[in-house]
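Read through the structure below, which is laid out as structure tokens, and then see the notes.
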Amino acid sequence: MNVKRITDTAVEVKALSKVYRKSKGNDFTAVDNVSFLVRQGEVFGFLGSNGAGKTTTIKMMCGLVTPTAGQISLNGCDVARQRSEAMRQIGVVLEGTRNIYWPLTAWQNLVYFGNLKGCSRRSIQERGEALLRELELWDRRNDMVRNFSRGMQQRVAIACALIADPPILVLDEPTLGLDVEATQIMKALLSRLARDHGKTVIITSHQLDVVQELCERIVIIHQGKVIADQSLAELLLLFRRDYYQIKVNGPFLGYGDAQFSQIAIKEEQDVTLLTGSISSQTKLYSLLNKIRKLGMPLISVSPVEPDLEDVFLSLVKNEKGGICYANNQNHA
């Protein structure tokens, strides 16, 4: 039974921290005072490099890891104090196809996880059939999962996460290892879950083109701290004014020069493309002067539209001087 929602907030994370105690006082802070909101029916991207703290945060959200400090609420249910009710609010697919049992059939997996989550036999039958039909797996329901493609296994894992009809779905790398066709099917499914079924979908992924296509809002975590919390449109707009592409003739001659350390370099036939965030005209002119001194003939300089990968790399590399791009209204 889902708890009645009082607000439009599906997930609220407040001042969340996780410190791993080690011998000799060498404590490790994996998550450091993290706060953010996820709204109901939103497709939300939670991003970070390996070791940034995103997986630890997700595991605390799912009740798998106990926070050192802070609070997590799922549809108003406190994960620490109302664990059973909170866990009914969320379905999780962590580490892809490792969430399901390969020696079982697709249907046996659904029955197993349905029983584990306390679903009635009737609801498993009805919802299981509806899920497998929607995920285009009904005709393969009696086949062992080990014989499925990775994309099909991923869909079985999502069906198992949804068997108890939770309003929140968390997916870790939902398109990892999928071919182009399977990726398109997965993206369409996740959009449909939010649009047609009102699910709140939280995605963690290193495939930022997929995140950019699906997600309405983004939180980026780095070294345990939130460094960005904005709508996708706002985040891209922040960098639109100072993102440039410089084209020079011939090979790049500035490898090892610190002035190019935050610039993406791509050599194409007889030209080199230098792309990155350059925060002021002074810095742009300084970079152009360095290019001239290195003897690289300048062809053109033009502003370009950044994508989410450009923004992510710029933030993680601290090109913006350590500023946290967070929307304070999210935490009012």
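The values are calculated or read from the model by the stated rules, or taken from the named source; none is laboratory data. Computed from a prediction, not measured in an experiment: that's the story for all the values here. Ideal geometry is used to build each Cβ from the backbone, glycine not excepted, and the neighbour counts take in all protein chains shown.
Within segment 121-136, can you find the residues that are assigned to a loop (DSSP other than H, G, I, E, B) and modelled with pLDDT of 95 or more? It would help to see each step written out before you state the result.
Our first condition is that a residue be assigned to a loop (DSSP other than H, G, I, E, B); within segment 121-136, this holds for 135-136.
Once the filter is applied, which keeps residues that are assigned to a loop (DSSP other than H, G, I, E, B) and modelled with pLDDT of 95 or more, segment 121-136 yields nothing.
Within segment 138-174, how many residues are surrounded by fewer than 20 Cβ atoms within 10 Å (Cβ to Cβ) and under 15 Å from Leu116 (Cα atoms)?
Result for segment 138-174: 1.
When you look at Ile90, is it touching a helix residue (DSSP H, G or I) at 6+ places or on another chain (Cβ under 8 Å), more than 30 Å from Arg140 (Cα to Cα), crowded, with 16+ Cβ neighbours inside 10 Å and in contact (Cβ under 8 Å) with a residue 12 or more places away in the chain, yes or no? Walk me through it before giving the result.
Values: touching a helix residue (DSSP H, G or I) at 6+ places or on another chain (Cβ under 8 Å): yes; more than 30 Å from Arg140 (Cα to Cα): no; crowded, with 16+ Cβ neighbours inside 10 Å: yes; in contact (Cβ under 8 Å) with a residue 12 or more places away in the chain: yes.
When the stated conditions are applied, Ile90 does not pass them.
I'm trying to understand the selection: among the residues of segment 196-240, which are under 20 Å from Thr9 (Cα atoms) and free of Cβ contacts under 8 Å to residues at least 12 places away in the same chain?
Result: Asp196, His197.
Please enumerate the residues belonging to segment 268-297 that are in a strand (DSSP E or B), touching a strand residue (DSSP E or B) at 6+ places or on another chain (Cβ under 8 Å) and either at pLDDT 90 or above or closer than 13 Å to Lys247 by Cα (or both). Walk me through it before giving the result.
Just the residues of segment 268-297 that are in a strand (DSSP E or B), to begin with: 268, 271-277.
Going one step further and asking which of them are touching a strand residue (DSSP E or B) at 6+ places or on another chain (Cβ under 8 Å), we end up with 271-277.
Hits for segment 268-297 are Val271, Thr272, Leu273, Leu274, Thr275, Gly276.
Out of all the residues in segment 126-134, is one or more surrounded by 15 or more Cβ atoms within 10 Å (Cβ to Cβ), assigned by TED's automatic domain parsing to the domain that holds Ala86 and either small (Gly, Ala, Ser) or closer than 28 Å to Asn50 by Cα (or both)?
If we filter segment 126-134 for residues that are surrounded by 15 or more Cβ atoms within 10 Å (Cβ to Cβ), which is where we start, we get 127-128, 131-132, 134.
Restricting the remaining residues to those that are assigned by TED's automatic domain parsing to the domain that holds Ala86 gives 127-128, 131-132, 134.
Filter again for either small (Gly, Ala, Ser) or closer than 28 Å to Asn50 by Cα (or both), leaving 128.
Yes, segment 126-134 contains a residue that is surrounded by 15 or more Cβ atoms within 10 Å (Cβ to Cβ), assigned by TED's automatic domain parsing to the domain that holds Ala86 and either small (Gly, Ala, Ser) or closer than 28 Å to Asn50 by Cα (or both).
Need the failing condition index for Asp78 against (1) closer than 21 Å to Ile218 by Cα; (2) surrounded by fewer than 15 Cβ atoms within 10 Å (Cβ to Cβ); (3) of a type in the set (Asp, Glu), just the number.
Here Asp78 meets the rest and fails (1).
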